[in-house]
1. Any residue at all in the stretch 475-491 that's hydroxyl-bearing (Ser, Thr, Tyr), surrounded by 17 or more Cβ atoms within 10 Å (Cβ to Cβ) and touching a helix residue (DSSP H, G or I) at 6+ places or on another chain (Cβ under 6 Å)?
2. Output the number of residues of the stretch 249-267 satisfying the condition of being of a type outside the set (Asp, Glu), more than 30 Å from Ala5 (Cβ to Cβ), open to solvent by less than 20 Å² (accessible area, probe 1.4 Å) and under 22 Å from the mean Cα position of the chain (by Cα).
3. Taking Pro425 as meeting all but one of (1) farther than 24 Å from Leu502 by Cβ; (2) in contact (Cβ under 8 Å) with a residue 24 or more places away in the chain; (3) open to solvent by 20 Å² or more (accessible area, probe 1.4 Å), write down the number of the exception.
4. Out of Ser280, Ser260, which single residue is in contact with a Ser or Thr (Cβ under 9 Å, 6 or more places away or on another chain), in contact (Cβ under 8 Å) with a residue 40 or more places away in the chain and hydroxyl-bearing (Ser, Thr, Tyr)?
5. May I ask you to say which residue of Ala75, Ala136 is open to solvent by 10 Å² or more (accessible area, probe 1.4 Å), hydrophobic (A, V, I, L, M, F, W, C), in contact with a strand residue (DSSP E or B) (Cβ under 7 Å, 6 or more places away or on another chain) and modelled with pLDDT of 95 or more?
6. Within the stretch 573-586, can you find the residues that are buried (at least 24 other Cβ atoms within 10 Å of the Cβ) and closer than 18 Å to Gly702 by Cα?
7. Could you list, in sequence order, the residues of the stretch 31-43 that are surrounded by fewer than 18 Cβ atoms within 10 Å (Cβ to Cβ) and not in a loop (DSSP other than H, G, I, E, B)?
8. With respect to Leu509, determine if the residue is closer than 23 Å to Leu417 by Cα, of a type in the set (A, V, I, L, M) and not in a strand (DSSP E or B).
Amino acid sequence: MANAATIDAQADRIVDAMTLAEQISLTRTRAGASLKDLGVPLPAFIPEAMRIDKPEGSIGTAGFVPAIPRVGFPAQHQADASLGIADIGYLRPGQQSTSLPSTLSLAATFSPEAALEAGDIIGAEAFAKGINIMLAGGVNLAREPRNGRNFEYLGEDPLLAGRLVGQQIAGIQAHHVASTIKHYAVNPQESGRFVYDARMSEAALRESDLLAFEIGVRDGRPASAMCAYNKVNGLYACENPWLMNEVLKTDWGFKGWVMSDWGAVHSLHASVNAGLDQQSPQDKDFFAGLEAAVGDGSIERQRVRDMARRIVRAMIEVGAVEKVAKPGGEIPVEAHSARAQALAEAGIVLLKNDGILPLAATARKIVVIGRHADKGVPIGGGSSQVIPWGGVYRDAPEGTHPLSALMAPSYSLASPLKALAAALPNAEIQFDDGSNPARAAALAASADVAIVYAVKTEMEGIDHADLSLPWGQDDMIAAVAGANPRTVVVLQTGNPVAMPWLGKVGGVLQAWFSGQRGGDAIASILTGRVAPSGRLPISFPASTEQLPHPKIVGFDPAKQKALSIGVRYDPFPIDYVEGSDVGYRWFHLKGEKPLFPFGFGLTYTSFDYSGLKQTGGQTLKVTATIRNTGKREGLEVAQLYVAPPGRSIRLAGWARVQLKPGESRTVTIEADTWVLLSYDESAGKWARPAGDYRFFIGKSAGEPELSGSVFLNAAAQDRRR
């Protein structure tokens with residue numbers, strides 16, 4: 001990659017060779033596809049922007065900007081999202097891509113290397129399909145565990161989320177494909193996402209949601225940031241000068257461009273002057289007035305040049321101008337599918353095991369129970385939905401309108417039932433869909449083992465009222481476990497769920513949405529071909545009463561039945577009383593014990609911690625010896641939590657340690673210097689007060705193994721670039 005001076009000079013040459021109209025054309029994105037391609041009548045709530053003909057030159061993506069051949073600048077082909085090359089089913093009919101596990105599953109690996117791997121797959125396939133901008137990099141913190149879009153994000157901790165999203169972005173951009181980081185900022189729920197006002201102090205923002213973005217920007221150098229729908233402290237995110245101009249572009253030195261989410265722009269002057277560089281497709285094209293605004297002097301000509309230059313410079317930096325993506329490239333389907341399976345295996349979390357797992361080779365009669373376990377594994381819905389290789393099953397009744405069918409719960413054709421049968425060819429396996437609890441229980445009673453695949457689908461635009469499993473599955477699991485305590489529950493969800501039946505079952509696996517070969521990945525863990533190594537990137541509450549908001553603010557069950565693109569809520573504020581104490585920090589602060597803590601995860605072996613040593617002064621380093629005390633090889637994720645004086649605990653670092661039976665290894669974890677700092681709002685800077693910093697190293701936020709305290713000197717850090 002060329003150095004910054006060379007990139008700057010090339011960007012200047014290209015932009016200064018453009019006319020004003022050409023510069024403005026880069027800032028206005030059109031829908032790159034049309035719902036007209038479906039060939040069916042469209043419901044009234046579908047925006048006009050999605051009814052137009054596909055623009056000339058577009059390959060059928062979510063967003064499109066025509067090329068400017070005169071100056072050698074390529075077209076922009078913008079596609080969703082973080083789980084693969086998305087296509088709900090109408091953007092590019094017939095298109096399939098590798099369906100990766102949910103991003104929350106990726107976070108459960110606690111592995112930056114896995115995030116880089118996921119980004120590499122996305123970037124390679126995007127380039128091969130002619131796509132040069134991926135609307136990936138979702139890093140909104142999971143403040144709300146009922147959020148229908150958490151499956152697209154990386155959990156509740158800013159350090160974990162920031163490090164992983166940075167690597168995912170880096171993996172994408174290594175293929176000359178630009179990536180966004182989104183949704184900037186504080187977009188932790190879908191209910192009322194167009195209008196709610198996220199209210200929080202500057203210090204709380206900078207120490208939590210913005211910290212995840214800051215780390216992601218530092219590590220991944222994304223080409224673009226996408227501003228969110230909602231307001232932040234009274235101003236829409238896409239007209240918020242503090243967020244875009246002051247924090248992102250000035251404090252963090254972000255050189256890329258800010259694009260809006262689809263339909264998130266409310267003005268011309270306020271948005272442009274606040275730092276928005278590109279309006280994404282929506283019915284009202286505010287940026288159509290840019291040329292007139294420059295003419296009357298209400299928007300400076302230099303500001304338009306800056307908008308265009310940011311786009312051009314970012315595309316040059318990732319190599320998208322020198323190496324232009326074109327459709328028709330070769331994709332190694334088998335290899336990418338195998339890699340997706342390995343990522344799914346690494347993200348599966350073992351939550352409970354009474355010795356039932358891995359399945360004993362002597363288990364001869366196994367009953368598999370569960371909604372669509374004979375067909376496939378669930379895929380998260382909305383703009384990020386990938387049509388996997390091999391196709392998709394949609395859970396829609398006969399006669400459903402084709403557009404509604406596209407939005408119905410969808411399943412990758414990676415049947416858990418078939419995968420388990422292939423992994424255990426000598427076992428007798430029977431199947432029941434679980435729709436009748438009594439029938440399922442009767443079948444389970446005579447089996448050696450019952451495996452229940454429980455499903456809770458999630459979708460952009462729609463939140464859940466509670467943490468229960470839908471379709472009566474909690475009652476069904478209780479009935480099956482009552483008939484046979486040797487029951488394993490495999491949770492296929494995009495969020496934490498309640499488990500009223502937990503004490504009755506022998507094992508629980510959290511498999512998330514497991515992607516292209518999800519059924520095979522789950523079978524690998526169940527049978528012990530692969531040992532579980534995932535850890536929870538999000539706390540599982542014991543009940544919603546433990547949450548800062550026991551009920552979702554602004555949640556309206558009636559409005560959950562419609563797609564978010566057709567729903568407008570009355571404006572309302574959300575006071576995020578937890579501030580920067582998101583998830584496990586909130587539980588620690590309030591003395592609450594969740595059902596399963598952040599970072600939790602069992603393996604098929606056990607580990608012992610000893611030999612604690614620490615150093616303080618300028619930095620905090622913690623050393624411990626970890627020993628595998630079990631009978632098989634396994635991976636431990638040793639986690640370091642630190643509490644600054646007067647504050648709650650924070651994940652400050654971790655180490656992934658693979659050990660054979662009886663093997664020991666000494667590991668040193670250095671606390672991330674950013675996490676040790678707190679934001680001094682009155683002084684407007686980051687500072688680390690001198691004092692005693694309590695810490696522990698352990699298996700999760702709720703399982704300290706070795707603890708201590710160390711004195712750290714005062715320190716400060718200027719984040720301005």
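1. yes
2. Final tally of qualifying residues: 2.
3. Answer for Pro425: the failing condition is (2).
4. One residue alone meets the criteria, Ser280.
5. Ala75
6. Val582, Gly583, Tyr584, Arg585
7. The initial filter retains those residues of the stretch 31-43 that are surrounded by fewer than 18 Cβ atoms within 10 Å (Cβ to Cβ), namely 36-43.
Matches in the stretch 31-43: Lys36, Asp37, Leu38.
8. Details: closer than 23 Å to Leu417 by Cα: yes; of a type in the set (A, V, I, L, M): yes; not in a strand (DSSP E or B): no.
No, not satisfied.
The values are calculated or read from the model by the stated rules, or taken from the named source; none is laboratory data. Because the structure is a prediction, the values reported are computed rather than measured. Counting neighbours? That spans all protein chains shown, and the Cβs are built from the backbone with ideal geometry, glycine included. Side chains are part of the model used for accessible areas, which takes the heavy atoms of the whole protein and leaves out ligands, DNA and RNA. Shrake-Rupley method; radii C 1.70, N 1.55, O 1.52, S 1.80 Å.
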